[in-house]
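Report on the following structure.
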Amino acid sequence: MNIDGKLIKLGFLDDRLVETIMVTPSRSNVKSYNTAPIGVWKENKKLVSKVYDNSNTFMNLVEYGKGSLNITHNVISFAKSLISDVDIEKDMKIENSDAVIEVEVLDSIEFGNFYKLYFDPISVDFYVENPRSFCRSEGAIIEALIDATRQREKVNNSGMINHYKEIVDKTGSKKEKKIMERIEEYSNNVA
Ligand SMILES: Cc1cc2nc3c(=O)[nH]c(=O)nc-3n(C[C@H](O)[C@H](O)[C@H](O)COP(=O)(O)O)c2cc1C
């Protein structure tokens, strides 16, 4: 399977926003690598993200021009990458990641306090047979479904359903956006 095929298998389809744990070589003397959750999507054969210019991740990318995107469905790993240190097993692979995409920065465009960064995916390594990525639309769809069932019991949750729809519109695949519209219709009809 070529790199683009592997990215699609990892959930980078349509303009779906995949949450990754980005590892960058660190500018600090205290640790060799920095880890942070960063959302990434695919445009043609390139990967793209918006990264705030005050983050270590951004400054490391400017300094070294490379990093890795660790793919996992494990929410504990996302939390640990942000609030405490996760173990780096080898190179730029964190413990328990399902797949690792090695990236090089191709281009950056400034938008106020963040930059849109374009990455070349240099390699994609799978560490389990069926790697699973995380997309925020998954949780949002389940939450919207729960609220829709409550709506049936005459609890008005339309505000929450709109909120989940915004998340799905921002992060989901075409199929996820479509099913979210149907959940909204269902919810309006039972209200
Ligand atoms: C699930 C999740 C997704 C995130 N996505 C992004 C993102 O796409 N771009 C960004 O700049 N920050 C994003 N953040 C916030 C950064 O992870 C956060 O600012 C972090 O503290 C940056 O760490 P650093 O200074 O070590 O790079 C995200 C956070 C979470 C929890």
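The values are calculated or read from the model by the stated rules, or taken from the named source; none is laboratory data. Being a predicted model, the structure only gives us computed values, none of them experimental. Reconstructed Cβ throughout: ideal geometry from the backbone, glycine too, with neighbour counts over all protein chains shown.
Quick notes
- Flag for A140 being buried (at least 17 other Cβ atoms within 10 Å of the Cβ), modelled with pLDDT of 90 or more, within 16 Å of G39 (Cβ to Cβ) and in contact with a Phe, Trp or Tyr (Cβ under 8 Å, 6 or more places away or on another chain): yes
- Matching option when the condition is under 17 Å from the mean Cα position of the chain (by Cα), of a type outside the set (F, W, Y) and away from the ligand (no atom under 16 Å from the Cβ), among S173, S158, S137: S173
- Whenever a residue of the range 32-57 is of a type in the set (G, A, S), its partners that are part of a helix (DSSP H, G or I) and within 6 Å of the ligand (Cβ to nearest atom), lying with C-beta atoms within less than 9 angstrom and at least six residues away or across chains, give the pairs A36/N56; A36/T57; A36/L82.
- In the set (1) at pLDDT 95 or above; (2) surrounded by fewer than 16 Cβ atoms within 10 Å (Cβ to Cβ); (3) of a type in the set (A, V, I, L, M, F, W, C), the condition left unmet by V30 is number (1).
- Looking across the range 107-128 at every residue that is more than 11 Å from the ligand (Cβ to nearest atom) and assigned to a loop (DSSP other than H, G, I, E, B), the one that is modelled with the lowest pLDDT is identified as G112.
- Selection within the range 46-76 - within 12 Å of the ligand (Cβ to nearest atom), surrounded by fewer than 21 Cβ atoms within 10 Å (Cβ to Cβ) and of a type in the set (G, A, S): S55
- Counting the residues of the range 107-129 that are loosely packed, with under 14 Cβ neighbours inside 10 Å and closer than 15 Å to L7 by Cβ gives 2.
- Qualifying residue in the range 17-32 (condition: under 15 Å from I122 (Cβ atoms) and small (G, A, S)): no
- Here the strands (runs of 3 or more DSSP E) wholly within the range 40-106 that include at least 2 residues being touching a Phe, Trp or Tyr at 6+ places or on another chain (Cβ under 7 Å) and closer than 22 Å to D120 by Cβ are 46-52.
- Within the range 1-16, the residues that satisfy the criterion of being out of contact with any Lys or Arg (no Cβ under 7 Å at 6 or more places or on another chain) and surrounded by 18 or more Cβ atoms within 10 Å (Cβ to Cβ) are K6, L10, G11, R16.
- For the range 19-45, residues that are within 10 Å of the ligand (Cβ to nearest atom) and of a type outside the set (S, T, Y) total 10.
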